[in-house]
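For reference, the structure is listed below as structure tokens.
The values are calculated or read from the model by the stated rules, or taken from the named source; none is laboratory data. Since the structure is predicted, the reported quantities are computational estimates derived from the model, not experimental observations. Positions of Cβ are backbone-derived with ideal geometry, glycine not excepted, and every protein chain shown enters the neighbour counts.
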Amino acid sequence: MNLADLGAVQLVQMIRDGETTSTELVKACLERIEERENSVQAWQHLDPEFALKQARQRDEVKASGQPLGALHGIPVGIKDIFDTKDYPTENGTVLDAGREPLKDCMVVSLLKAEGAVIMGKTVTTEMAVFSPGKTRNPHDETRTPGGSSSGSAAAVASGMVPLALGTQTKGSVIRPASFCGTVGYKPTHGRIPRTGALLLSRILDHVGVFARSLEDVALISECLMVDDMLDPDTEPRAHPRLTEILNQPPAMTPRIAFVKTPMWDQADAQTKEAFAEIATELGENCQEITLPDEFGKVIENIETIMTADLARFLDKYMQRGADKISDVLRGMILAGQSVTAVDYNRAVDEIQPLRDWLGNLLEDYDAVMTPAAIGEAPKGLDKTGDPVFCSIWTYLGVPALSLPMLEGLNGMPIGVQLVGASGDDARLLRTARWLIGELSADD
């Protein structure tokens, strides 16, 4: 048994029971990194001695009999757009080379409070947008791992860490999870605070996680779902019961709404065929639903919001060194400078009616099923793949999961995306568990 291959829930229990230590776990992860990092290149900043120092401190806490946090001793990878006082935070740009924050961002502080080991900083695309970093897909080094949370997805998929943080403004958690074959989770907008992370769009930015199982997703996400007065989109609410509800059997057999979306023609043939087979296997528990015509404007609307917000929040980088920004990102910023207030506000105003429509649909269904990506991770490292199947759900701010349940013709993973109603994250996780069990039983 290699500790680097185990999930977080199991590892937490093993550390509590004295079957292993945080130090042994971190050593196993570092050995895996040494084996695979040269080809995968998931890490932007990694200090093995500092990781081991944290692990030894966690072991000392346990030996002293002090209370243990929910993630005690577990190494976590942190996307390099989250401020960390112990590691540089460079946001994927030479304009922030060597930047050393004075304090941790909110989510890193929460992880430390729960006893996690901050393993290091994972590679991001340039300012978490489109221009790729150095990371390669762990299943095929000639293919993209996706973006922008490329390093986090690849690190979990290759066994370097059991858990990692990412962010999504269009498809930056769900798409790399699909390409790399991990579970990826983007919660309801505002559930996890973004304070201390690079801000691209208040309306679209989500913090998400990568893990090897739904149980691990629930474990880390519960630790991060807090109210933060510095993030205006978080709210005081009862502690989430993700793990509890995930482990409960559904009161009734779930019903799945199979939604092709207006972008269905962009899915490749094997993806279309695979989803048709899933729908057939689910039988009466799955029904195809057509979205109203209004959903056809989502791609235009999210582009309007994103480019305008990039122009606003990344203007300081344009002022400091526009010539050091990629042509793609500079072009998006310049396009955003010409977005009118009327168009921007219209794009924002159209979110809630569509969210309400989806909420009404999900009174009769437990989740929407749709592709996480067009297909397998494409060949080449100069692009990160198309987020078109993620954009609708990011725009609406609803929870989404990518489940590594399919395999393409080239042996690459393809994710099944499940989407839930706003705020109904726990039911989404429970439905996902049912779906995995249902389809596994048919194998």
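Annotations
Conditions (1) part of a helix (DSSP H, G or I); (2) over 27 Å from R241 (Cβ atoms); (3) within 11 Å of the chain's Cα centre (by Cα), marked per residue:
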site: P145; (1), (2), (3): no, yes, no
site: A155; (1), (2), (3): yes, yes, no
site: V161; (1), (2), (3): no, no, no
site: L165; (1), (2), (3): no, no, yes
site: P176; (1), (2), (3): yes, yes, yes
site: F179; (1), (2), (3): yes, yes, no
site: Y185; (1), (2), (3): no, no, yes
site: R191; (1), (2), (3): no, no, no
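- Exactly one residue out of E90, E34 is free of Cβ contacts under 8 Å to residues at least 60 places away in the same chain, surrounded by fewer than 19 Cβ atoms within 10 Å (Cβ to Cβ) and acidic (D, E), and it is E34.
- Of the helices (runs of 4 or more DSSP H) that lie entirely inside segment 1-83, those containing 1 or more residues that are closer than 30 Å to T142 by Cβ and out of contact with any strand residue (DSSP E or B) (no Cβ under 7 Å at 6 or more places or on another chain) span 22-40, 48-63.
- Candidates A373, A322, filtered to the one that is among the small types (G, A, S) and touching a strand residue (DSSP E or B) at 6+ places or on another chain (Cβ under 7 Å): A373
- Selection of first residues in segment 301-323 that are in contact (Cβ under 8 Å) with a residue 60 or more places away in the chain and of second residues that are among the acidic types (D, E) and buried (at least 21 other Cβ atoms within 10 Å of the Cβ), restricted to Cβ pairs under 9 Å at least 6 apart or on distinct chains, gives the following pairs, ordered by first then second residue: D309/D205.
- Residue match in segment 49-58 (condition: over 24 Å from A153 (Cβ atoms), at pLDDT 95 or above and crowded, with 23+ Cβ neighbours inside 10 Å): yes
- Some residue of segment 154-167 being buried (at least 24 other Cβ atoms within 10 Å of the Cβ), more than 22 Å from I74 (Cβ to Cβ) and in contact (Cβ under 8 Å) with a residue 12 or more places away in the chain: no
- Residue within segment 66-78 that is within 30 Å of M318 (Cα to Cα) and at pLDDT 95 or above present: yes
- Counting only helices (runs of 4 or more DSSP H) that fall entirely inside segment 214-306 and contain at least 2 residues that are touching a Cys at 6+ places or on another chain (Cβ under 9 Å), the qualifying elements are 269-282.
- Every listed requirement among (1) surrounded by fewer than 19 Cβ atoms within 10 Å (Cβ to Cβ); (2) in contact (Cβ under 8 Å) with a residue 24 or more places away in the chain; (3) touching an Asp or Glu at 6+ places or on another chain (Cβ under 6 Å); (4) not β-branched (V, I, T) is met by G196 save one, (1).
- In segment 93-135, the residue that is surrounded by the fewest Cβ atoms within 10 Å (Cβ to Cβ) out of those that are among the hydrophobic types (A, V, I, L, M, F, W, C) and farther than 23 Å from S221 by Cα is L102.
- Residue check, G336 farther than 24 Å from A432 by Cβ, loosely packed, with under 13 Cβ neighbours inside 10 Å and under 27 Å from the mean Cα position of the chain (by Cα): no
- Among residues of segment 126-153, those that are in contact with a Pro (Cβ under 7 Å, 6 or more places away or on another chain) and either within 20 Å of V107 (Cβ to Cβ) or without any contact (Cβ under 8 Å) to a residue 60 or more places away in the chain (or both), counted: 4
- Residues within segment 231-246 that are surrounded by fewer than 24 Cβ atoms within 10 Å (Cβ to Cβ) and under 22 Å from S172 (Cβ atoms), tallied: 4
- Qualifying residue in segment 386-395 (condition: crowded, with 24+ Cβ neighbours inside 10 Å, within 17 Å of the chain's Cα centre (by Cα), at pLDDT 95 or above and farther than 22 Å from V348 by Cα): no
- Pairs, first on the phi < 0 side of the Ramachandran plot in segment 259-271, second buried (at least 19 other Cβ atoms within 10 Å of the Cβ) and of a type in the set (G, A, S), C-beta under 7 Å, six or more apart: A267/G375; D268/G375; Q270/G375; T271/G375
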